[in-house]
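*Asks:* Pasting a structure below so you can have a look.
The values are calculated or read from the model by the stated rules, or taken from the named source; none is laboratory data. Quick caveat, the model's predicted, so the values are computed rather than measured. Here the Cβ positions follow ideal geometry from the backbone for every residue, glycine too, while neighbour counts run over all protein chains shown. Side chains included, ligands, DNA and RNA excluded: accessible areas come from the protein's heavy atoms. Shrake-Rupley method; radii C 1.70, N 1.55, O 1.52, S 1.80 Å.
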Amino acid sequence: MSSTGTGVRRGRPPSGGREQILAATLALLRERGIARLTTREVAQRAGVSEGSVFYHFGDRFGLMRAVFTDSLSPLVEVGTAGLQGDDVRGTLEAFSDGVQEFLRTGLDVLMAAQADVDLRESLVGFLADNDYGPHRGIAAVARYLAEQQAAGAVRADVDPQVVAHLVVSDAMQRSAQPKLVNHAKGTPSRKAFFDTLMTMLAVTGG
């Protein structure tokens, strides 16, 4: 990425919206990839001064981390409060929606980072420092399913951890496959997946 020289943080902050910069970065990232992404083009796309990019994000690593962090917003509530609700199917579907919404942006950043060693290392360190990863979603779903088992709403002989892994893996597959191979062939419909999942979880009499 290009820079603006020294003193980008001196005096009053350059005018320009943080959200516009994030949106412009993501749009350019999808269009051109990380190798051709510059702060000058981000600023032009966002309609702000280039200094605004550096003021708000410090450097290109800060900018990419911010795009990734912003994409986490659909999962923040789940991460803090956990899954809740007596409607097991509805709760799991809403969680799946959140994962897929995050991955629509998050995967673009993660995939772009693989082409830049410094960015990849920076992002890996950021993920490790904040303990981000699929394991957090799996743990949240497993806790919820264990609670529903205790309440008698989910059959007792299923492993909550395994089912949680299925839910998270399905969401990741639906998001990643079209980006990686440009099609979703072989992926069952979302309805079919949850119909089958709920059959597996249903409490049977006798």
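*Asks:* Round to the nearest 10 and report in Å² the accessible area of Phe126, as given by a 1.4 Å probe over the protein chains' heavy atoms.
*Replies:* Per-residue accessible area (Phe126): approximately 40 Å².
*Asks:* Ignoring everything but the protein chains, give the 1.4 Å probe accessible area of Leu75 in square angstrom, nearest 10.
*Replies:* The value for Leu75 is about 40 Å².
*Asks:* Still on this structure: To the nearest 20 debye, what charge dipole does the chain have about its Cα centre, counting +1 at the Cβ of each Lys and Arg and -1 at the Cβ of each Asp and Glu?
*Replies:* 780 debye
*Asks:* In addition: Extension gain Glu147-Ser73, at 0.36 nm per residue separation less the Cα-Cα distance, in nm?
*Replies:* Separation in residues times 0.36 nm, less the Cα-Cα distance, equals 24.1 nm.
*Asks:* Further question on the same structure: Pairs of Cα atoms under 8 Å, at least six residues apart: use those to get the relative contact order of the chain, whole percent.
*Replies:* Value for the chain: 19 percent.
*Asks:* Also: Taking the simple approach of a point 7 Å from Cα along Cα-to-Cβ for both Ala23 and Asp131, what is their distance in nm?
*Replies:* About 3.5 nm, to one decimal.
*Asks:* Once ligands and nucleic acids are excluded and a 1.4 Å probe is used, how much of Lys185 is accessible, expressed in Å² to the nearest 10?
*Replies:* 150 Å²
*Asks:* Please go through segment 96-164 and write out the trypsin sites (Lys or Arg not before Pro) that DSSP classes as loop and that have at most 15 other C-beta atoms within 10 Å.
*Replies:* Answer in residue order: Arg155.
*Asks:* Let me ask another. What is the dipole size for segment 123-197, taken about its Cα centre, with +1 at each Lys and Arg Cβ and -1 at each Asp and Glu Cβ, in debye to the nearest 20?
*Replies:* Taking the Cα centre of segment 123-197 as origin, the dipole is about 380 debye.
*Asks:* Let me ask something else. Is it possible to state the helix-based mean residue ellipticity at 222 nm for the chain, with each DSSP H run of 4+ residues giving -39500 (n - 2.57), the sum divided by total residues, to the nearest 500 deg cm²/dmol? What is it? Kindly include the intermediate steps, with their values, before the conclusion.
*Replies:* Numbers: 10 runs with 143 residues, N = 206.
The per-residue figure over the chain is -22500 deg cm²/dmol.
*Asks:* Let me ask something else about it. Quick check: with the 1.4 Å probe, what order do Thr25, Thr38, Thr199 take by accessible area, largest first? Before the final figure, lay out the partial values.
*Replies:* On the way: Thr25 0, Thr38 40, Thr199 100 Å².
Largest to smallest exposure gives the sequence Thr199, Thr38, Thr25.
*Asks:* On a full-extension model of 0.36 nm per residue, what is the gain between Thr38 and Asn182, subtracting their alpha-carbon distance, rounded to one decimal in nm?
*Replies:* Here the segment from Thr38 to Asn182 would lengthen by 49.2 nm.
*Asks:* Can you find, among Ala115, Gln148, Leu83, the residue sitting farthest towards the positive end of the charge dipole of the chain, where Lys and Arg contribute +1 and Asp and Glu -1 at Cβ?
*Replies:* About the Cα centre, the residue reaching furthest to the positive side is Ala115.
*Asks:* Could you point to the label whose value was computed as semi-axes √(5λ) of the Cα gyration tensor in Å for the structure here, given (i) 40, 18, 13; (ii) 27, 20, 16; (iii) 33, 21, 17?
*Replies:* For semi-axes √(5λ) of the Cα gyration tensor in Å, the calculated option is (i).
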